[in-house]
Amino acid sequence: MEAVIQKWGNDFGVKIPSGMAQKMSLKTGYRVFIVPLEQKPKYELKSLLSNINKNNIHNEISFGKSKGKEQW
């Protein structure tokens, strides 16, 4: 089973679907052990920019005239 950590108020929580809880005989108050399977990759700007070349770079995109006090 795969689950995603969610923010609940100031805490974090993991939802376990009722079908899975029944299969595993889990009940409210049971203690479980959580083992992270992966961590989010750490990206570095330099490595991301190194993948840009003349074949995959896009042209400038116009969003129209400036509004308010924007300066372009």
Criterion (part of a loop (DSSP other than H, G, I, E, B) and of a type in the set (Lys, Arg)) met by exactly one of Lys7, Lys46, Lys40: Lys40
Selection count, the range 11-34, where residues are within 18 Å of the chain's Cα centre (by Cα) and loosely packed, with under 10 Cβ neighbours inside 10 Å: 2
Counted residues, the range 45-60 - those being more than 26 Å from the chain's Cα centre (by Cα) and of a type in the set (Lys, Arg): 1
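Here, each number is a calculation from the coordinates, and none is a lab measurement. Not measured: the values here are computed from a predicted model. Methodologically, a virtual Cβ is constructed for each residue, glycine included, from the backbone with ideal geometry; neighbour enumeration extends over all protein chains shown.
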